[in-house]
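What follows is one structure encoded as structure tokens, with my remarks underneath.
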Amino acid sequence: MTNRTLLILLFSMSIMRPSFAADPLWWSETMPHAEHGSSQHSHGGPVEIRRGVYHKNLWLRSGAGPIDARYLDGAISGRIVLIDVRGETKELSGGNVHGSFGVNFAMPDEGFYNLHLINESISDGIRQINIAKSEPLKHSCREGHDHVRPLMAPKQSDQVPLEIVRQRMAEENFHSLLGYGDTASFLVLYQGAPLAGAEVTLHTARGWRNSVRTDAQGIASFMMIRDYYPPWHEFERRHRQDYVVHASHTTDDAGSTDGGSYTRTRYLATLNGSYYPSTRDYRSYTYGLLLGVFALTFTGVAVYFYRRRRQKRFHEVRFDEKN
Amino acid sequence: MNYFAGIDIGSTAIKAAVVDEDGRLIGTRIAPTGSSFHKNAMETFETLLTQHGIARDAVKFITATGYGRKLFKEADDSISEITANAIGACEAGKAFGGVRTIINIGGQDSKAIQIDVNGNVSNFAMNDKCAAGTGRFLDVAARNLEIDLEELGDYHFGGSGAPLTINSTCAVFAESEIIGLLAKGHGKEEIVAGIHYSIARRTVRLAKRVGIEDRVYFDGGPALNKGLVAAIQDELGRELVIPEQPQTTTAFGAAILARSQYLAE
Amino acid sequence: MKKIRDAINGVDLRRFRFLLQLFFFVLLVYGGYFAVNLGQSLPTFACGFNDAGRGGICYLLPLQHQLAMSWSMLFGWAGLMVLQGFLFFALWFFVLNKGWCGYVCPLGTIQDWITSLRTRLGVRYSRYTEGQFRRLSLIKYLLLALMILIPLGIGGALLPHDMGTPFCDICPGRMVIPMFTGDFSQLTIDFSTKTTMVMTALGMLVTGLFFAGAFFKKRFFCFFCPMSALHYLLSKPALLKLKKDGAKCTRCGDCYRVCDMEIREIADEVKEPRIMQDDCIMCLKCVAHCPEQGALKATFAGIPIFESTEQGFIKRMTKGHQDEHKPQ
Amino acid sequence: MNTNPNEATAPAYNRSRQAREAETLLDRIQDDFPDNPEAMRYFYDLFRRVYCQGEPVKHEGTLVGTTCIHAPEELIYAFGATPVRLCNGSYHYDQIGADFMPAKSCPLVKATLGSLHAKAAVPNTQALELIVNPTTCDQKTKASAMIGAMGYQVHDLELPPAKESEEARLYWQRSVRRLALRLRELTGRKLTRKNLQQAMARTARAQTAFRTLHQLRKNAPALFLGKDAFLVTNAYFFDDLDRWTAAVEQLNAELQLRQMEGFQAAQKRAPRILFTGSPPIFPNLKLPLLIEEAGGVVVADETCSANRMLYDMTAVDEWLLNDMVDGLADRYLKPCTCPIFTRNDDRQRRLLQLAADFNVDGVVYQAFAGCQVYEMEYRSIADVLAAQGIPMLYVETDYSPDDMGQLSTRIEAFLESIKTRKRNAR
């Protein structure tokens, strides 16, 4: 038996087994197997361009953070809903995308798309509702930049009970990137209203995590850490890393469904995103200004001495401008 | 009948000419300028009128030309001798089939004039202020050689040897050169021919400056000198057209101009 | 009509130009705050890196960007977009010809301000020798060629991606113009890759050189500007033209004296009426400093709009004589 | 000719040969023509005072002689000195000068040397502390040592033999800056921006007045005769700058009045002549006078005693000393159409443009016997004029009055041929 078949076996088992369902589900933009196909960089993450139309691939992953979450090989129950830029809702069905379970959809319009997966399961008398959200952006500079402002505002969905809404950074536009040291803020909504005191956890690409509770306005903020330390010559300015945010909320709602009866309900919402090296990590004012000032001074002094020397060598007559 | 007169007051001679209403030449007269040229000019003019029986009143317009033109107050108008010469030569040249280039050698100057078909001056050149190549040069030479001015032509053809070369173009230096040549025993004939060639060379250079076209008309007193004419023709490489009375062409031109000016007014 | 014409020809060009330049500077550098947007095909250095304030974008930025597309796209449907951008650029350009340099370009205006600072300090200007001038004059064509070839090379995957806008990397406009809206973020060296490090370091060196150069040399950077070279290639059908009537020229060289760009032809050429040279910035100082009636003139669509006149020259010079003790 | 020296009232000075020469000419200029402008009286009187009565040249500070138009006078003024142009037109001095120079050399240079050599010369420049001698033509260049030998301080202002190249321009700029140093030594004053700016403003005002006069001469029929124009520009050689300018401005005002009244200074069909070549310098206004006595009118000129001296103006970009001095240097070199420069084409173009602007019927080209450069340029000028159908009379002459008769014939014939040509054209 190959490893692969074993994995598939394990996977299918895990779906069956309720304990697995406790793992959070989240969307990822990172391709599971890099050797599959190609994607292009755009403002808003990797895309596939088919006849000029941007297509987004998102894969579903299970697990706490990017470092240990698995890609899913098989289908998963639940609804996948896409809300496009205009606010129109469409149900998508997932499938095999480049070897793992994921969705692929077209992004014809400029702006943010909202993708929700709602999946539920019951185990040990707890009904678990997973809400995986992703907010991909479609932007091409060829479309210009005049239309950006009204498209910036985040959307809320009335179809999901618990939702994490990424708050926009100051002056954010389609080109803005979340960098190391920047603060990312998330609003947690339960049934459309801000949820105070909910625990929100952020996992970074290399395993760092932090949990905070939402404040009275339902907002949780994290400062992104730098967790990218390559040798400097391998440093990549556009090094994209995934983060994932979880928020959970448990209620005493009891009831029963096809899967059995439960005494409590646990909502687990996720939102994925990308962060990048900050300009501060690779840009230096000091060297820049040093070099600039050096060039300025050097040229200035060179011209001064050149003029002095010419005056002497050719006995050039120059006049004193001071009266 | 109305008549028109032209008076050319030159440095050596006063020339007068009278034409009738149709522009036909009635008569001309030549007299030396002398010291009181104004009186002489009047005399010449009046004598000419009496010769042809023309009353003073019948002369309706007088045009003066030549160096003394400004001081001859009896004239109705004055004109430079270059223009007058051009008009006269153009008119007189018609008998020869039309001329376009004029060479004039006067007492103190020499000129080359180019005219268009209508007798208008299109270009002209004059000698510099020195008397080289002018009638005066011939005068001086003739005096040195102790021969008459009129005889110069005959001497020119009388020589047995080749013409001598006179290097000096200046009348003053030429004088001593001639005396030197005489002292060396050269014949007067060869010297005269040399002088003619010297003048001819200068004259042709002047003519070339204005450009030589068509027939070349040669006038002025020295045009009577056959030797000089032969020398110029030789240097020029073409025949010269010489009027019957070469001295009076300019006066004739002035008279023609007087007529047309009168008719225009 | 004649009075109006005389008034125009007698204009104090220095002042007029200062005001017009100021206007365009505000429009292009701060226009964004007033919702001015002239598009991204401007034939002048309205720097796109000046995110907040820009009233339009210098065409060289999108041009390099577009040329860096993969070849399959560039030579496919996206090529049309490149052509469209170029068309808009050409249309803008045809209106003002190189007047964009002498009157609109914010970087040019900054250099003129530096020049004005120098005269206030009483420091004389430098000039190139003829040989230097001839050689330096070629640099802009070299830059233009590189500016097109490098992005094309990137599109063909021959060169690293991070050289995408090679000219912008070394253009002092990128450093200098955003500073006017309080954005100093361009004054850095980017160590993220070797290429960016080299390019940004070059950029800072050029910026230093720019300030020092512009101080000693009038319109220092314009000699090397690839935009100027691109302009010249398109300048023939432009509406605004600089014309010279060689017969009226006395070759006094007044125009050459005052020319910021040291263009000798303006004084020496007497046969060709279309006098504009590749280095010209159409500041029209030559017209203002020409004492010969109608020898130099600027025409718009064939209509003379500014002509050299004796009266205008005398008026302007008299003003210069009177500005005692206050150079400039 | 018409001489009536006013011996009763004139001082003894009047008896000198050169004063008589000047007197004769002034009488001709003044009396032989009707309707001289009222404002010309200033110039007639000025010449009588300076040339006939020996009035000293008015000046402030040190008097600095110049021997050619290339000496930048603004610099001299800026140092608080006064320039006086020494180029002389007197036959009397020409004869004295023949002791220094070969008889066949330029009468202008000979006369200048003669006047410098003579005691109590006219114009009376008293003691010249410095003579600025631009190395223009060979004769002026070689005159330097002779002037030096007479005991004058001479500054040789080095002029390049070509003006097109950038090297020549820079060489000349250096040369001019060196002159400034010399003037500083001489006057002990400092060159300041203010001084130079003021000096330049003064000459610019004078040049503006000249240009107005120049433009007024475009009028057809002529408002003003060339003999007076030459007298005006000749006065610039030695007259007080501001006084001269005021007098010219007054003259301009009178001419503008004449223009409105439709005044004619010459016959309507009088041939309009452009005068070029060697400069007519008082009292050698022989040729312009002959032209106008014969019924022509000199409407424009291209000579270094008038147009070439005053027409071209200085442009300054930055009012800093370095730029102002370089600007001055350029103004004295670049537009100059003197035949000493290597190429002829600027002069050709200038003549063609003047001929076109002033509606000229013919050109009179004066070449002083001995001025080889003018003699040599004759053919090239003749060719371009002929190509444009403009007739030209080339006159080689000097300061002696001997050739007056012959010249008048040639000039009359020339004018007559122009008249016929015009008649036929109609």
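The values are calculated or read from the model by the stated rules, or taken from the named source; none is laboratory data. Quantities reported herein were computed from a predicted structural model and do not represent experimental measurements. Note that each Cβ is placed from the backbone with ideal geometry, even for glycine, and that neighbours are counted across all protein chains shown.
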Quick check on segment C:55-72. Is at least one of its residues more than 17 Å from C:Ile177 (Cα to Cα), aromatic (Phe, Trp, Tyr) and in the same structural domain as C:His161 (by TED's automatic domain parsing)?
yes
Give all pairs with beta carbons closer than 6 Å in which a residue from segment D:307-320 that is over 24 Å from D:Lys227 (Cβ atoms) and within 7 Å of chain C (Cβ to nearest Cβ) meets a residue that is surrounded by 22 or more Cβ atoms within 10 Å (Cβ to Cβ) and of a type in the set (D, E, K, R); count only pairs at least 6 apart in sequence or on separate chains.
D:Ala315/C:Asp254; D:Ala315/C:Arg257
List pairs: first in segment C:74-85 and closer than 16 Å to A:Ile49 by Cβ, second part of a loop (DSSP other than H, G, I, E, B) and not hydroxyl-bearing (Ser, Thr, Tyr), Cβ under 8 Å, 6+ apart or cross-chain?
C:Trp77/A:Gly52; C:Ala78/C:Met69
Evaluation of D:Asn322 against (1) assigned to a helix (DSSP H, G or I); (2) touching a Gly at 6+ places or on another chain (Cβ under 6 Å) (one fails), failing number:
(2)
Please determine, by comparing only the residues of segment B:61-88 that are touching a Phe, Trp or Tyr at 6+ places or on another chain (Cβ under 7 Å) and farther than 20 Å from B:Tyr3 by Cα, which one is nearest to the other protein chains (Cβ to nearest Cβ).
B:Ile82
Among the numbered criteria (1) farther than 29 Å from A:Leu195 by Cα; (2) touching a strand residue (DSSP E or B) at 6+ places or on another chain (Cβ under 8 Å); (3) loosely packed, with under 13 Cβ neighbours inside 10 Å, which one does A:Thr286 miss?
(2)
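Let's see how each residue does on (1) in contact with a Cys (Cβ under 9 Å, 6 or more places away or on another chain); (2) within 27 Å of A:Ser157 (Cβ to Cβ); (3) not assigned by TED's automatic domain parsing to the domain that holds A:Ser62:
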site: A:Arg266; (1), (2), (3): no, yes, no
site: A:Pro277; (1), (2), (3): no, no, no
site: A:Phe298; (1), (2), (3): no, no, yes
site: A:Tyr304; (1), (2), (3): no, no, yes
Any residue in segment B:113-132 that is at pLDDT below 85 and in contact with a Phe, Trp or Tyr (Cβ under 8 Å, 6 or more places away or on another chain)?
yes
Restricting the search to segment D:52-96, which residues are of a type outside the set (D, E, K, R), in contact with a Gly (Cβ under 8 Å, 6 or more places away or on another chain) and in a helix (DSSP H, G or I)?
D:His92, D:Tyr93, D:Gln95, D:Ile96
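Please tell me if B:Ala5 is more than 15 Å from B:Tyr262 (Cβ to Cβ) and buried (at least 17 other Cβ atoms within 10 Å of the Cβ). Even if it seems obvious, please write down each step before you answer.
Values: more than 15 Å from B:Tyr262 (Cβ to Cβ): no; buried (at least 17 other Cβ atoms within 10 Å of the Cβ): yes.
So B:Ala5 fails the test.
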Here's a check for you: in segment C:44-89, which residue that is among the aliphatic types (A, V, I, L, M) and either surrounded by fewer than 17 Cβ atoms within 10 Å (Cβ to Cβ) or facing chain A (nearest Cβ under 9 Å) (or both) is farthest from C:Tyr232 (Cα to Cα)?
C:Ala52
Pairs returned, first residue in segment A:226-247 that is assigned to a loop (DSSP other than H, G, I, E, B), second residue that is β-branched (Val, Ile, Thr), beta-carbon separation under 6 angstrom, 6 or more apart or interchain, are A:Asp227/A:Thr204
When restricted to B:Thr50, B:Thr134, the only residue more than 30 Å from B:Arg238 (Cβ to Cβ) and β-branched (Val, Ile, Thr) is B:Thr50
Being farther than 22 Å from C:Phe86 by Cα and among the charged types (D, E, K, R) is the requirement here; does C:Lys236 meet it?
no
So is C:Phe93 within 25 Å of C:Lys241 (Cβ to Cβ) and more than 15 Å from the chain's Cα centre (by Cα) or not?
no
Out of segment C:229-281, which residues are over 21 Å from C:Arg127 (Cα atoms), touching a residue at least 40 places away in the same chain (Cβ under 8 Å) and in a loop (DSSP other than H, G, I, E, B)?
C:Ser235, C:Pro237, C:Ala238, C:Leu239, C:Asp245, C:Cys249, C:Thr250
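So in segment A:251-274, with the set limited to residues that are part of a strand (DSSP E or B) and free of Cβ contacts under 8 Å to residues at least 60 places away in the same chain, which one is surrounded by the fewest Cβ atoms within 10 Å (Cβ to Cβ)?
If we filter segment A:251-274 for residues that are part of a strand (DSSP E or B), which is where we start, we get A:251, A:255-257, A:260-262, A:264-274.
Imposing the further condition that a residue be free of Cβ contacts under 8 Å to residues at least 60 places away in the same chain reduces the set to A:251, A:256.
Values: A:Thr251: 12, A:Ser256: 10.
That would be A:Ser256.
Look through segment C:24-43, keep the residues that are in a loop (DSSP other than H, G, I, E, B) and not polar (S, T, N, Q), and return whichever of them is farthest from the other protein chains (Cβ to nearest Cβ). Step through it out loud before you land on a result.
Going through segment C:24-43, the residues in a loop (DSSP other than H, G, I, E, B) turn out to be C:35-41, C:43.
Still in the running and not polar (S, T, N, Q): C:35-36, C:38-39, C:43.
Details: C:Ala35: 10, C:Val36: 12, C:Leu38: 12, C:Gly39: 9, C:Pro43: 19 Å.
The residue in question is C:Pro43.
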Residue pairs qualifying under the 9 Å Cβ cut-off, at least six apart or on distinct chains, with the first in segment D:119-134 being over 20 Å from D:Ser90 (Cβ atoms) and the second being part of a loop (DSSP other than H, G, I, E, B) and among the aromatic types (Phe, Trp, Tyr), are D:Glu129/D:Tyr152; D:Leu130/D:Tyr152
Can you pull out every residue in segment C:282-315 that is within 13 Å of chain D (Cβ to nearest Cβ), surrounded by fewer than 20 Cβ atoms within 10 Å (Cβ to Cβ) and not in a loop (DSSP other than H, G, I, E, B)?
C:Glu310, C:Gln311, C:Ile314, C:Lys315
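Go through segment A:173-215 residue by residue and tally those that are assigned to a strand (DSSP E or B), among the hydrophobic types (A, V, I, L, M, F, W, C) and within 13 Å of the chain's Cα centre (by Cα).
From segment A:173-215, those assigned to a strand (DSSP E or B) are A:179, A:183-190, A:193-194, A:199-203, A:209-213; that's our starting set.
If we keep only those that are among the hydrophobic types (A, V, I, L, M, F, W, C) too, we end up with A:184, A:186-189, A:193, A:200, A:202, A:212.
Subsequent filtering for residues that are within 13 Å of the chain's Cα centre (by Cα) retains A:184, A:186, A:202.
Total meeting the criteria: 3.
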Answer from C:Leu187, C:Leu202 - the residue that is at the interface with chain A (Cβ under 10 Å from one of its Cβ atoms), aliphatic (A, V, I, L, M) and assigned to a loop (DSSP other than H, G, I, E, B):
C:Leu187
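Say whether the condition of being away from chain D (no Cβ under 13 Å) and within 22 Å of D:Lys334 (Cβ to Cβ) is met by at least one residue in segment C:246-260. Don't jump to the end; show me each part of the working.
First, pick out the residues of segment C:246-260 that are away from chain D (no Cβ under 13 Å): none.
No, the conditions are met nowhere in segment C:246-260.
Which of the residues belonging to segment D:389-407 are among the polar types (S, T, N, Q) and within 8 Å of chain B (Cβ to nearest Cβ)?
Step one: of segment D:389-407, the residues among the polar types (S, T, N, Q) are D:397, D:400, D:406.
Within segment D:389-407, just D:Gln406 meets the criteria.
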If D:Lys268 satisfies all but one of (1) charged (D, E, K, R); (2) more than 13 Å from chain C (Cβ to nearest Cβ); (3) surrounded by fewer than 24 Cβ atoms within 10 Å (Cβ to Cβ); (4) within 30 Å of D:Glu55 (Cα to Cα), what's the number of the condition it fails?
(4)
Those residues of segment C:267-281 which are within 15 Å of C:Cys222 (Cβ to Cβ) and either buried (at least 20 other Cβ atoms within 10 Å of the Cβ) or basic (Lys, Arg) (or both) amount to C:Met276, C:Asp279, C:Cys280, C:Ile281
Considering each residue of segment B:53-76, count those that are surrounded by 13 or more Cβ atoms within 10 Å (Cβ to Cβ) and more than 24 Å from the chain's Cα centre (by Cα), and give that number.
4
Out of D:Ala204, D:Ala180, D:Ala222, D:Ala209, report the one residue that is assigned to a helix (DSSP H, G or I) and away from chain C (no Cβ under 14 Å).
D:Ala180
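What residue, of D:Leu287, D:Leu241, is farther than 30 Å from D:Glu60 by Cβ and either more than 21 Å from the chain's Cα centre (by Cα) or buried (at least 17 other Cβ atoms within 10 Å of the Cβ) (or both)? Give the steps one after another, and end with the answer.
Values: D:Leu241 fails: farther than 30 Å from D:Glu60 by Cβ.
Unique residue meeting the criteria: D:Leu287.
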